[in-house]
1. Scan the stretch 117-138 and give yes if some residue there is buried (at least 20 other Cβ atoms within 10 Å of the Cβ), in a strand (DSSP E or B) and within 20 Å of the chain's Cα centre (by Cα), otherwise no.
2. What residue, of E17, E55, is over 21 Å from D283 (Cα atoms) and assigned by TED's automatic domain parsing to the domain that holds T114?
3. Restricting to the stretch 236-263, count the residues that are touching a Phe, Trp or Tyr at 6+ places or on another chain (Cβ under 9 Å) and either aliphatic (A, V, I, L, M) or at negative phi (or both).
4. Counting only residues that are closer than 10 Å to P134 by Cβ and charged (D, E, K, R), which one in the stretch 270-289 is surrounded by the most Cβ atoms within 10 Å (Cβ to Cβ)?
5. Among the residues of the stretch 102-112, is there at least one that is in the same structural domain as L26 (by TED's automatic domain parsing), of a type in the set (D, E, K, R), surrounded by fewer than 21 Cβ atoms within 10 Å (Cβ to Cβ) and farther than 22 Å from I287 by Cα?
6. Name, by its number, the condition in (1) in contact with a strand residue (DSSP E or B) (Cβ under 6 Å, 6 or more places away or on another chain); (2) under 17 Å from I292 (Cβ atoms); (3) buried (at least 16 other Cβ atoms within 10 Å of the Cβ) that does not hold for K33.
7. Touching a strand residue (DSSP E or B) at 6+ places or on another chain (Cβ under 8 Å), under 21 Å from T114 (Cα atoms) and hydrophobic (A, V, I, L, M, F, W, C) - does that describe any residue in the stretch 264-282?
8. Can you tell me which of (1) out of contact with any Gly (no Cβ under 6 Å at 6 or more places or on another chain); (2) not in a helix (DSSP H, G or I) is the one T12 doesn't meet?
Amino acid sequence: MRVLLTNNHLNTFGGSETWVLTVYNLLKQMNHKVDVFTLFSGGGASDYIDDLYLEVPKKEYDIALVNHASCMLEIEKAKQSGLTTIDHVRFICHGIYPQLEQPIGYADSYGAVTPEIQDHLKFKGLKSHIYINPIDLREFRPIRNLPDNPEKLFLMCQNSQAQINVSKMGFEVDCISPVRIERKRLYHQRYNLSDCVVGLGRSAFEGLACGRPVMVYDSRSYNTSGGYDSVITKDNIAELLYNNCSGRAKSQVFDTEIAKQELLDTYVSDTEYYRSIAEQYFDGRKIVQDLISY
């Protein structure tokens, strides 16, 4: 298929930027023809995309997967000019609060990356399909077995105080900061050096794909009440995915002793236990195939 991806900005490694890079690479692996349109490039994810345009290409496409209202406006202008042809335009909503994520019409269909966002679109009178954030399971995979008990934590927390809080748990710590700058350097080997990943969203999904247990925790400006959502298990993953493992499902205040005990109580020294969660929910190839179906 001929696919156009869009994102307002690709000059960093935030959530939607990494989403575009992941979908782009998976589509290329699946032998689709892919172009990417953005308004801001230079650094970040844009450095890893060959087929990048700063204006909507004057081409024919089977489908456009559109992130952000700003890009939707440019897509509609290009279609109206008659120089760009797109059989189906699908708007993908990644959040309920940012203005860029709000639908402005023009799309043939709508996608939501979480059930919470699907409910948000439903409130606006729009039907949508859920497309969970895809992970390339060929890239992120277990290469090291877990020990009998956790010893080392990989901190993907962006907040410095959250990093300090986790460090007080008494485990060895591998910490990176700032996460957004270093994200593309996070190959599966780095995850595999740890026995547990601490972070939100995509960090959690990649950790599970590498067969690591994940503690859903960070402190963000949009969640001042807490940010701790416990350790992911097969029993609670569906509940935590409602909010994209963002720390907002329970919004608990982080308590060092409680969090440590929960990790010890739920810990399974079997990479396949955690990997199977990723295979069930985050299989990138299946999700991408669903994304381009219409």
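The values are calculated or read from the model by the stated rules, or taken from the named source; none is laboratory data. For clarity, every value in this text was computed on a predicted model and none was experimentally measured. Cβ coordinates were reconstructed from backbone atoms using ideal geometry, including for glycine residues, and neighbour counts include every protein chain displayed.
1. Yes; the residues of the stretch 117-138 include at least one that is buried (at least 20 other Cβ atoms within 10 Å of the Cβ), in a strand (DSSP E or B) and within 20 Å of the chain's Cα centre (by Cα).
2. On inspection, the qualifying residue turns out to be E55.
3. 15
4. Checking each candidate, the answer is D283.
5. Within the stretch 102-112, none of the residues are in the same structural domain as L26 (by TED's automatic domain parsing), of a type in the set (D, E, K, R), surrounded by fewer than 21 Cβ atoms within 10 Å (Cβ to Cβ) and farther than 22 Å from I287 by Cα.
6. Result: K33 passes all but (3).
7. Yes, the stretch 264-282 contains a residue that is touching a strand residue (DSSP E or B) at 6+ places or on another chain (Cβ under 8 Å), under 21 Å from T114 (Cα atoms) and hydrophobic (A, V, I, L, M, F, W, C).
8. Result: T12 fails condition (1) only.
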